[in-house]
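Scroll down for the structure; my scribbles are underneath it.
Every read-out reported here was derived from the displayed coordinates using simple, explicitly stated rules and does not represent laboratory data. Source: prediction; values computed, not measured. We place every Cβ from the backbone using ideal geometry, glycine too, and count neighbours over all the protein chains shown.
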Amino acid sequence: MSLPVFSQIALTFNFITLVVSLAVLLLVLLHSRRTVNVMMALFLVGIIVNAAALMVYRLTGLLGIDPEPWIMLSAAATGAQSIFLFIFSAEFSGIVRQRVRYTYIAAGLIWLISVWAIATGRVIERAGLSPEGGSLVEFSPLGVILISLLMGFLLLAVIYLILNPNPRSRSLLPGLCVFFIGSLLNVIPPAASWPVYAVMTTIAVAMIGQMLVKHQLLNPLADLNVELARANRELEIASTAKSQFMAMMSHELRTPLNAIIGFTQLLLEELYGPITGKQRDRLATILNNAQNLLDLINDVLDLSKIESGSMELNPEPVSVPEVAREVLTNHELKARQKKLGLTLDAAADVPPIIADRGHLTQMLDNLVGNAIKFTKTGGVTVQIGHLPEQQVVSIAVADTGIGIPDDALNTIFESFKQLDSSTTREFGGTGLGLTITQRLVALHGGQITVESAVGIGSTFTVYLPVAAMGR
């Protein structure tokens with residue numbers, strides 16, 4: 001007894017599908033265990049079981065066995081491969097969201113219901129082969145509903161890939177479309193009686209296997225690159241939101257603090273009546289701490305503006321020695337209290353630079369303030385020079401302070417960094433000054449360097465262009 005033509009065609013393509021699926025499955029199992037690879041392995045197992053069941057189903061006439069159990073096994077495997085391909089597509093394309101993951105649960109429940117309905121005879125009413133070898137299967141109303149739902153998940157996978165047009169999605173989409181069309185034709189008469197499903201499944205598995213080998217097996221960094229790109233986007237969004245929040249909160253905190261400082265100053269001036277010496281001491285402490293807190297908030301606000309890209313610069317011709325003299329004058333009292341010397345050494349040929357005067361003052365104020373803070377004996381020197389061949393002005397702030405260890409030089413410009421906890425306890429501060437200074441120098445198109453030796457001192461040198469200011 002010879003096999004009908006349709007059965008021969010279907011058997012041939014079922015066998016090819018079986019071999020190709022086994023080969024791809026072997027490669028997947030030898031590769032790293034990631035969610036997408038597990039889902040692909042389960043999809044391939046479903047394809048293999050389905051192909052084997054259909055091969056036996058086509059041979060039931062020759063073997064003299066009942067075809068219904070084999071078509072039931074094929075139906076269960078078809079549902080499984082649809083669900084696993086749906087999950088694989090969502091994970092592989094990177095479109096995964098929490099609401100998408102909820103559909104995984106729904107898909108699994110529908111497949112379990114379909115397996116139960118198939119096993120209890122509630123899906124397939126009759127199964128057999130036509131004289132040409134075509135498949136003749138009649139589904140119950142419940143079977144039609146379950147099949148429609150399973151086809152819906154395949155359609156949803158196609159939609160996910162279309163809505164997320166990255167290179168991985170584009171590479172998976174053709175194979176998934178071929179598989180979806182083949183699965184759809186497999187349940188629509190009269191195409192269901194032809195070997196269309198066997199042919200299109202073979203093509204789809206070959207296309208998906210080629211895509212998988214290219215993107216996951218031969219290029220193992222592809223997944224990592226996509227994950228890193230997605231993580232970077234999320235970090236950028238989070239960083240922007242953080243900066244905007246900090247800027248808003250800093251602004252809201254400054255208003256009551258300014259009020260506290262203003263009324264405290266009025267009380268110290270005895271505008272509301274005489275105060276005792278003890279009250280004056282306590283009010284002076286309040287004023288000092290409020291001003292320190294305001295300085296901290298201003299630093300946070302500046303850093304937030306810089307990070308969010310909203311820091312505005314007002315460039316104008318500025319005399320660097322003049323700004324340096326003003327900064328040193330402002331720090332004279334602190335230096336005198338610590339018995340430190342303050343020296344300005346400015347070359348005669350220093351030209352004006354194009355810069356934001358306020359921010360230039362802030363840079364020098366941070367550097368000189370830090371130098372005084374971390375110096376116990378000796379002094380602080382500000383040296384200003386001109387490098388005509390490079391068209392830059394150099395500003396070096398040198399101290400005879402505690403110095404910086406070599407292993408800390410790479411981190412001192414990071415936010416909220418100080419040398420160690422003992423330094424923070426002894427000298428105070430949050431470590432934002434150098435961070436802001438470095439960012440402001442960069443906004444002006446300049447550079448900042450540091451040289452230091454523990455117990456000897458540190459020198460921070462800022463190089464700013466004479467005529468141009470970068471943004």
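Things worth noting here:
- The chain - mean residue ellipticity at 222 nm from DSSP helices (-39,500 (n - 2.57) per run, n ≥ 4, rounded to 500): -21500 deg cm²/dmol
- Cβ crowding within 10 Å averaged over residues, with 341-352, 389-400 ranked highest first: 389-400, 341-352
- Kirkwood Rh, Cα atoms: Rg over Rh of the stretch 86-179: 1.09
- Using Cβ point charges alone (K and R +1, D and E -1), the dipole size of the chain about the Cα centre works out to roughly 1040 debye.
- Taking label positions 7 Å along the Cα-Cβ direction at both Ile237 and Leu136, the computed distance is 5.6 nm, reported to one decimal.
- Cleavage-rule hits, trypsin sites (Lys or Arg not before Pro), the stretch 81-177, DSSP coil, Cβ neighbours within 10 Å at most 14: Arg97
- Sorted by Cβ density within 10 Å, fewest first, the residues Tyr160, Tyr57, Tyr102: Tyr102, Tyr160, Tyr57
- 3J(HN,Hα) along the stretch 336-343: 5, 4, 9, 6, 10, x, 10, 10 Hz, from the Karplus curve 6.51 cos²θ - 1.76 cosθ + 1.60 with θ = phi - 60°, whole Hz, x for Gly and Pro.
- Calculated from backbone phi, Karplus (6.51, -1.76, 1.60) coupling profile of the stretch 438-448 in Hz, x at Gly/Pro: 4, 5, 5, 4, 5, 4, 8, x, x, 9, 10
- Cα gyration tensor category, rounded, prolate or oblate, for the stretch 247-371 with a/c compared to 1.5: oblate
- Long-range HN-HN contacts of Ala355 with modeled amide H, under 5 Å: Glu316, Val318
- Given R0 = 30 Å, the distance between the Cβ atoms of Leu253 and Val454 translates into a calculated FRET efficiency of 0.25.
- Tilt relative to the chain, helix 277-308 - C-alpha long axis, 0 to 90 degrees, to 10: 40 degrees
- Reachable lysines, given that their alpha-carbon falls under 16 Å from the alpha-carbon of Lys338 and they are not under 8 places away in the same chain: Lys373, Lys376
- Annotation for Ala347 and Phe15: the two label points, set 7 Å from Cα along the Cα-Cβ direction, are 8.7 nm apart.
- Between Leu129 and Leu136, the built amide H atoms are under 5 Å apart, and every one of these is 5 or more places off in sequence or on another chain.
- Positive-end residue of Gly46, Leu235, Val24, charge dipole of the chain with Cβ unit charges: Gly46
- Rg/Rh for the chain (Cα atoms only, Rh after Kirkwood) is 1.29.
- Whether the stretch 342-397 is rounded, prolate or oblate, judged on the alpha carbon gyration tensor where a/c under 1.5 counts as rounded: oblate
- DSSP bridge orientation in the chain - percent antiparallel, rounded to nearest 5: 85 percent
- Largest first, the extents of the alpha carbon coordinates of the stretch 305-359 on the three principal axes equal 41, 31, 13 Å.
- Using a Förster distance of 22 Å, the FRET efficiency for Leu271-Leu294 (Cβ separation, nearest 0.05): 0.55
- Taking a ≥ b ≥ c as the square roots of the eigenvalues of the alpha-carbon gyration tensor, the stretch 315-465 is classed prolate because a/c is 1.5 or more and a/b outweighs b/c.
- With R₀ fixed at 22 Å, the C-beta to C-beta distance from Glu389 to Ile354 puts the FRET efficiency at about 0.75.
- Approximate spin-label separation Ile286-Ile162, in nm, with each point projected 7 Å along Cα-to-Cβ: 6.8 nm
- Here the 3J(HN,Hα) profile of the stretch 189-205, calculated from phi with Karplus coefficients 6.51, -1.76 and 1.60 at θ = phi - 60°, is x, x, 4, 5, 8, 9, x, 5, 4, 4, 5, 6, 5, 4, 5, 4, 5 Hz, Gly and Pro shown as x.
- Backbone amide hydrogens, once placed in the peptide plane, bring Phe139 within less than 5 Å of Glu125, excluding anything fewer than 5 places away on its chain.
- The stretch between Phe263 and Glu125 holds 40.8 nm of extra length on full extension. This uses 0.36 nm per residue minus the Cα-Cα distance.
- Here the peptides 277-287, 433-443 are ranked by packing, the mean other Cβ count within 10 Å, and the order with the highest first is 433-443, 277-287.
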